[in-house]
Amino acid sequence: MRPASLSFRSRLAAVRDSLLLCRGCLGPVGAGAEAGLCARCWAGLRPLPEERCGRCALVHGDGGCPEAVAWELGDALWDYHGGRPPLGALLLPGIKQGETGWRAALLRRLAQAPLPAWAEEVDRVTAAPSALPRRLLRGFDLGAEVGGRVADRLGRPFEPLLAKAWFSGRQASRSESARRRLPRKAITLRPGAAAEGTVLLVDDVWTTGTTLLRCAQALLEGGAAEVRVLTLFRAM
Ligand SMILES: [Zn+2]
Ligand SMILES: [Zn+2]
């Protein structure tokens, strides 16, 4: 290739990069962009505040943890509303609508993120279940993918222990109060599944915690000695 054509190509690349806009902040993508998001947007994957509670992963006053949880240890990797625009709130809905580039980039960051030290002590990993029709529609189950990656990192088995009844699949479109009334039997142990020892329950996002609570109750009723919770994001 002649130098002239090389420099033409590199100039063309520079022009292209200056024209491409980040799909998060709509600024120029620049160096370090990944999956259409600039480095500044990716920096929105922020860890939770140091002073957070070890059970509910929120910052609250001293004294007992006011959140209704069924575990002693719970944590999340990143703040759902970290960054501008809030990156978790951008990524997760996008991934669920088929943004495979964002999904791959997020899973790569999961592979690098520090996990809580107590995760090393679990016996098995499971994920909060998604309803079957949604799983079929999307062709993937993000919670199970995240659970599988975490299990690999910990060197523990990933076991899909939980099932969600199909009629509870419209959670996202329900009001907050309707969500809290989610019937208890909507999440159950899978037929033939055995929850034993310390189970790490994994999900993509922890908001009200109602789904995680139902999952933990099903695991404890199903024989788990202890449940611990880890999610990608915590909405605070
Ligand atoms: Zn950006
Ligand atoms: Zn707490």
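The values are calculated or read from the model by the stated rules, or taken from the named source; none is laboratory data. Remember, predicted model here, so these are calculated numbers, not experimental data. A quick note on method: Cβ atoms are made from the backbone with ideal geometry, for glycine too, and the neighbour counts reach across all protein chains shown.
What the table shows:
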quantity: Considering residues of the stretch 28-48 that are outside any loop (DSSP other than H, G, I, E, B) and within 21 Å of LEU77 (Cα to Cα) only, the residue farthest from ligand 1 (Cβ to nearest atom); calculated: GLU34
quantity: Residue check for ALA89: away from ligand 1 (no atom under 16 Å from the Cβ), surrounded by 11 or more Cβ atoms within 10 Å (Cβ to Cβ) and within 30 Å of CYS215 (Cα to Cα); calculated: no
quantity: Number of the condition not met by ALA31 [criteria: (1) within 16 Å of ligand 2 (Cβ to nearest atom); (2) at pLDDT below 95; (3) not aromatic (Phe, Trp, Tyr)]; calculated: (1)
quantity: Subset of the stretch 97-107 [under 19 Å from ASP79 (Cβ atoms) and of a type outside the set (A, V, I, L, M)]; calculated: TRP102
quantity: Condition check for ASP75: in a strand (DSSP E or B) and among the charged types (D, E, K, R); calculated: yes
quantity: Count of residues meeting criterion [in contact with a Cys (Cβ under 8 Å, 6 or more places away or on another chain) and within 16 Å of ligand 2 (Cβ to nearest atom)] in the stretch 34-52; calculated: 0
quantity: Residue count, the stretch 18-50 (criterion: of a type in the set (Asp, Glu), farther than 17 Å from GLY101 by Cβ and surrounded by 11 or more Cβ atoms within 10 Å (Cβ to Cβ)); calculated: 0
quantity: Pairs with Cβ under 8 Å, 6+ apart, first in the stretch 67-83 and over 17 Å from GLY143 (Cα atoms), second within 11 Å of ligand 2 (Cβ to nearest atom) and among the polar types (S, T, N, Q); calculated: none
quantity: Test result for LEU220, touching a strand residue (DSSP E or B) at 6+ places or on another chain (Cβ under 8 Å) and assigned to a helix (DSSP H, G or I); calculated: yes
quantity: Test result for ALA57, in a loop (DSSP other than H, G, I, E, B) and within 10 Å of ligand 2 (Cβ to nearest atom); calculated: yes
quantity: Test: ALA165 is within 19 Å of ALA186 (Cβ to Cβ) and of a type in the set (Gly, Ala, Ser); calculated: yes
